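Only one structure is covered here, and it is reproduced in the block below.
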């Protein structure tokens, strides 16, 4: 592996597993399944296959918010997909998401199961299905979707860019860290300016835009991602801080953050969720542990 500051790309790139860093065991330049494995199916209309990364948390928060509103049709089974062990490359998972990324949803509420993959698509699917958290008036809907897709386009700069080179790359490199730090701080400034004039991301109401952005940028300013809060001076984004705390206090958000979680305090983890009772009688203690 070349760790010098100078690198000359070869005329034709070839895959070198040794250059993969922390995720070398799961990163590869080809798609498709690596092994045969059927996905489990529970008793609820919605089957979620996920992990509590920021992208996974978006969907479990949405489902818990829908249930909190009384939408019983949003009951779901959340199955744990261990991406570090390659579960996302099983044949059953690839059939639901050909891109082999979590989260993936199988909606079995109709006569024919409908697969939905990519977290933003899942949020829109659920919002339209239940008529919640996505405005119907044209201008408000456009505003909400614009912020939703801003997050979808921006997250790779935060996760695959800043997060990777700051926290996971085999060696620290000044140029990519500077490049992606600058972009992440610019994104935080965009959000901070927006939240200076608006209670929530898309306007006065809580929407799927908040659910999409909070696990990434809310988690960042609360110090949950990459150990980079001080490095990024997150306290200076006071409007993002206000919003992150406000959203984070919602009971459904606290529950959603616990589902498919495999890190942190054991009381903060609900590795699989198949019924509301899975949060058990110690819900308040568990919600506090998830903070």
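Values in this text are rule-based calculations from the coordinates and carry no lab data. The shown structure was predicted, so the numbers you read here are calculated from the model rather than taken from an experiment. Because the Cβ atoms are built from the backbone with ideal geometry, glycine has one as well, and the counts that use them run over all protein chains shown.
Results, tabulated for the structure shown:
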{"quantity": "Sequence of 207, 53, 8, 60 once ranked by neighbouring C-beta atoms within 10 Å, starting from the fewest", "calculated": "8, 53, 207, 60"}
{"quantity": "Residue exposure sequence - 197, 272 - by fewest surrounding Cβ within 10 Å", "calculated": "197, 272"}
{"quantity": "Ranked list, fewest to most other Cβ atoms within 10 Å of each Cβ, for 72, 100", "calculated": "72, 100"}
{"quantity": "The stretch 138-253, relative contact order in percent, only Cα pairs under 8 angstrom and at least six apart counted", "calculated": "27"}
{"quantity": "Length-normalised contact order for the stretch 199-266 - Cα pairs under 8 Å, 6+ apart - percent", "calculated": "23"}
{"quantity": "The chain: calculated mean residue ellipticity at 222 nm from DSSP helix runs of at least 4, using -39500 (n - 2.57)", "calculated": "-11500 deg cm²/dmol"}
